[in-house]
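Asker: Shown below is the structure under consideration.
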Amino acid sequence: MPSTTTAHRLRASAPRTETSRLFLPLVALCSAVTAANIYLAAPLLSVIARDFGTAPSAVAWIASVAQFGYAAGLLFFAPLGDRVSRRPLVAVLSLATTAALAVAAAASGTTALAAAVLVASAATVVPQLLVPLVAERAPADRRARHVAAVIAGLFTGIVAARVLGGLAGQAFGWRWVFLGAAVLTGVLGLLTAAALPAERPRPTGGGLGGLLSGLTAMPGLVRRSPDLWRACIRQAGMYGAWSALWTSLTLLLTGQPYALSTATAGLFGLFGLTASAVAPLAGGLVDRFGAARVVRSAYLLAAVSVPLFWLGGQVMVALFVAAVVIHAALVASHVANQTLALTTTSSPATANSAYVVAGFAGGATASALAGFAFGQWGWGGVVAVAGVWLVLGWGLTGVRR
């Protein structure tokens, strides 16, 4: 059962949800733009290196800085959604991201660029503040579908950053890409903040400790909620399997036997649009059949994709099919697990932060192991890492009842 404060927030915001048909599309669009900022630097690394007169390997670490910044934002900023009004919080974070992206566009060296990317990525956790709000305001019988709409926007933004960002960088230069992202983030962030309902925040206690209480509450919240614990572990396994395969795929495509160019290999990112298409369908299935059944089906799909990816080491068609299947499995699992995480406790923002951090940790660890495995055993080693992550994600959740 939600707490009295949470229930009050639900009642206070319900009428506004029913009268605003543009609220959900606006949140989804804002999520797409802000999520893209995390991956903005990755497709532009070669252009950035050429501008700074250095080798691409000397700036590759900037993409990792963005991931660390996002992780810090998830830990410190996202849980604040349970404790402060989200309207000013979204506005402040959007303006901070805009300023950091503008500084990045004017950076004169890799250190200044990395520092700006770190700040921008840490502040761009707005989607993880909006998803719990959407879940709170949605009718119970359509909650997963509303969450899925935001997730679809998020995945669309990630694909756009990887594909369109690279093309725009080649055409206009990387600085204009960062400046354009700054403008979009500021405009959509402020519009979304203005559309958010007024809330009565929970008491936080005094000082910094009160504001950071969400961070310290995460371990206990996961420990007390078996449903949240299962959602965290299962998504860590699923996201880890996807990350191992997807982050190593360029190594396969640009090497033997395919020997594709980097630009051509990058077009495989378009398969990420599968996630955007599947998300609304997955939301309807969760509302109708429940999260547990959808997650089970998603894991079965992911298990089918593993041998297809292995076969794809030699057969391109198998890679096409495997890419579609793994994205469908990832987003179906994500919609179901995130809906469960948002509805299983009276602190949805903190629970959502724990859930996303768990998935991020599983993905980052699997990606690191996959890189090592590719160097030692080739593509077969990467596929093995993905298979092990799926076994761990499902098997560990069968231990605790």
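Computed from the coordinates by the stated procedures, all read-outs in this text should not be read as laboratory data. Being a predicted model, the structure only gives us computed values, none of them experimental. All Cβ positions, glycine included, derive from the backbone under ideal geometry; neighbour counts span all protein chains shown.
Asker: Is the shape of the chain best called rounded, prolate or oblate, per the rule: a/c under 1.5 gives rounded, else a/b larger than b/c gives prolate, else oblate, with a ≥ b ≥ c the square roots of the Cα gyration tensor eigenvalues?
Answerer: Cα axes put the chain in the oblate bin.
Asker: Something else now. At most 10 other Cβ atoms within 10 Å and a DSSP loop assignment: could you name the chymotrypsin sites (Phe, Trp or Tyr not before Pro) in region 150-180 that fit?
Answerer: Loop-located and lightly packed - none at all.
Asker: Further question: How much length is gained on full extension from Val391 to Arg21, taking 0.36 nm per residue of separation minus their Cα-Cα distance?
Answerer: In short, 129.0 nm is gained.
Asker: Only Lys, Arg, Asp and Glu count, each charged at its Cβ (+1, +1, -1, -1), so figure out the dipole size of the chain about its Cα centre, rounded to 20 debye.
Answerer: Once rounded to the nearest 20, the dipole reads 980 debye.
Asker: Please get the size of the charge dipole for region 221-401, origin at its Cα centre, with Cβ charges of +1 on Lys and Arg and -1 on Asp and Glu, quoted in debye to the nearest 20. Provide the component values of the computation, followed by the final result.
Answerer: Values: 9 positive and 2 negative charges, 121 e Å.
Around 580 debye, computed over region 221-401.
Asker: A follow-up question, please. Quick one, what does Rg over Rh come out to for region 221-401 if you take C-alpha atoms and the Kirkwood Rh?
Answerer: 0.99
Asker: Once you compute Rg and the Kirkwood Rh from C-alpha atoms, what is the Rg to Rh ratio for region 33-83?
Answerer: 1.14
Asker: Moving to a separate point now. Can you list which of the DSSP-assigned H helices in the chain have a Cα extent of 30 Å or more along the long axis and an average Kyte-Doolittle score of at least 0.5? All intermediate terms of the calculation are to be shown ahead of the outcome.
Answerer: Values: long enough: 143-172 (41 Å, 1.14); 174-195 (32 Å, 1.57); 226-254 (43 Å, 0.44); 291-311 (31 Å, 1.40); 316-343 (41 Å, 1.73); 348-377 (42 Å, 0.76).
Taking the DSSP H segments of the chain (at least 30 Å long, mean hydropathy at least 0.5), we get 143-172, 174-195, 291-311, 316-343, 348-377.
Asker: Neighbour counts of other C-beta atoms within 10 Å: give me Leu179, Leu89, Leu245 arranged from fewest to most.
Answerer: With the sparsest Cβ surroundings first, the list reads Leu179, Leu89, Leu245.
Asker: What is the distance, in nm, between label points placed 7 Å from the Cα along the Cα-to-Cβ direction at Ala72 and at Ala292?
Answerer: 4.1
Asker: Return, ordered by residue number, the residues of region 333-371 whose backbone nitrogen is under 19 Å from a label point located 7 Å along Cα→Cβ of Arg224.
Answerer: Those under the cut-off are 340-356.
Asker: Starting at 0 and stepping by 10 Å, how many percent of the alpha carbon pairs of region 133-196 end up in each bin?
Answerer: Taking all Cα pairs of region 133-196, the binned fractions are 19, 36, 29, 14, 3 percent.
Asker: Got a sec? How would Phe268, Phe309 order by Cβ neighbour count within 10 Å, fewest to most?
Answerer: Details: Phe268 19, Phe309 28.
Placing the least packed residue first, the sequence is Phe268, Phe309.
Asker: Among Arg142, Arg223, which comes first, second and so on when ranked by fewest other beta-carbon atoms within 10 Å? Walk me through the intermediate numbers first.
Answerer: On the way: Arg142 14, Arg223 10.
Result, fewest neighbours first: Arg223, Arg142.
Asker: Would you mind putting 352-360, 379-387 in packing order, based on average other-beta-carbon counts within 10 Å, highest first? Write down the numbers at each step before the final one.
Answerer: Working: 352-360: 25.8, 379-387: 21.6.
The most tightly packed comes first, giving 352-360, 379-387.
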